[in-house]
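What follows is a short report on a single structure.
The values are calculated or read from the model by the stated rules, or taken from the named source; none is laboratory data. Because the structure is predicted, anything quoted here is derived from the model rather than measured. Ideal geometry is used to build each Cβ from the backbone, glycine not excepted, and the neighbour counts take in all protein chains shown.
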Amino acid sequence: MKTVLFVCVHNAGRSQMAEAFVNALAAEQGLAVRALSAGTVAGERINPVAEAVMAEIGIGMDSQKPKPLTQEMAGAADRIITMGCGVDANACPARIHLSEDWGLDDPKGQPVEIVRAIRDQIKERVENLLTEMDAA
């Protein structure tokens with residue numbers, strides 16, 4: 001089983017959506033890939049707009065919650081992907097761990113239309129990631 005770790009600062013929006021997409025799509029495709037997500041400064045709860053736009057397409061995030069990034073999580077991951085560090089460059093996880101950054105906008109405080117666009121960008125990147133991991 002390969003593990004992808006999605007990391008952002010608060011672990012409340014982008015990284016949570018990516019985790020949910022990987023786990024749902026990998027299960028649908030029968031791939032041995034799972035995702036986790038974490039934050040360098042984990043928030044208290046998932047962004048309700050992010051949760052709502054995922055529910056719109058049938059992917060629930062009810063069982064997910066923000067989690068702090070640990071060295072154990074990073075050490076166990078086959079891939080670490082940061083979601084964009086524009087929110088708080090000092091807390092950017094890319095400074096701590098070897099990772100790739102997807103450079104996505106933060107959905108925090110954004111209208112639902114913008115969060116839907118971010119969701120769709122994440123889905124496209126996750127689909128490409130799963131195709132790449134399946135081919136490897």
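How many residues does segment 111-136 contain that are under 15 Å from Met54 (Cα atoms) and either loosely packed, with under 15 Cβ neighbours inside 10 Å or of a type in the set (A, V, I, L, M, F, W, C) (or both)?
Filtering segment 111-136 for residues under 15 Å from Met54 (Cα atoms) gives 111-124, 126.
Of the ones still in play, those that are also either loosely packed, with under 15 Cβ neighbours inside 10 Å or of a type in the set (A, V, I, L, M, F, W, C) (or both) are 111-115, 117-118, 120, 122, 124, 126.
Result for segment 111-136: 11.
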For segment 1-32, which positions are of a type in the set (A, V, I, L, M), surrounded by fewer than 21 Cβ atoms within 10 Å (Cβ to Cβ) and more than 13 Å from the chain's Cα centre (by Cα)? Met1, Leu25, Ala27, Leu31, Ala32
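List the helices (runs of 4 or more DSSP H) inside segment 1-81, counting only whole elements, that have at least 1 residues being polar (S, T, N, Q) and out of contact with any Asp or Glu (no Cβ under 7 Å at 6 or more places or on another chain). Explain how you work it out, then say what you get.
Numbers: elements: 14-29, 48-56, 71-76.
Once the helices (runs of 4 or more DSSP H) in segment 1-81 are filtered for at least 1 residues that are polar (S, T, N, Q) and out of contact with any Asp or Glu (no Cβ under 7 Å at 6 or more places or on another chain), what remains is 14-29, 71-76.
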Note down all Cβ pairs under 8 Å where the first residue falls in segment 50-67 and is of a type in the set (A, V, I, L, M, F, W, C), the second is in a loop (DSSP other than H, G, I, E, B), and they're at least six residues apart or on different chains. Ala50/Ala12; Ala50/Gly13; Ala50/Met61; Ala50/Pro107; Met54/Gly60; Met54/Met61; Ala55/Met61; Met61/Ile46
Going through segment 108-136 one residue at a time, which ones are modelled with pLDDT under 95 and in contact with a Lys or Arg (Cβ under 9 Å, 6 or more places away or on another chain)? Met133, Ala136
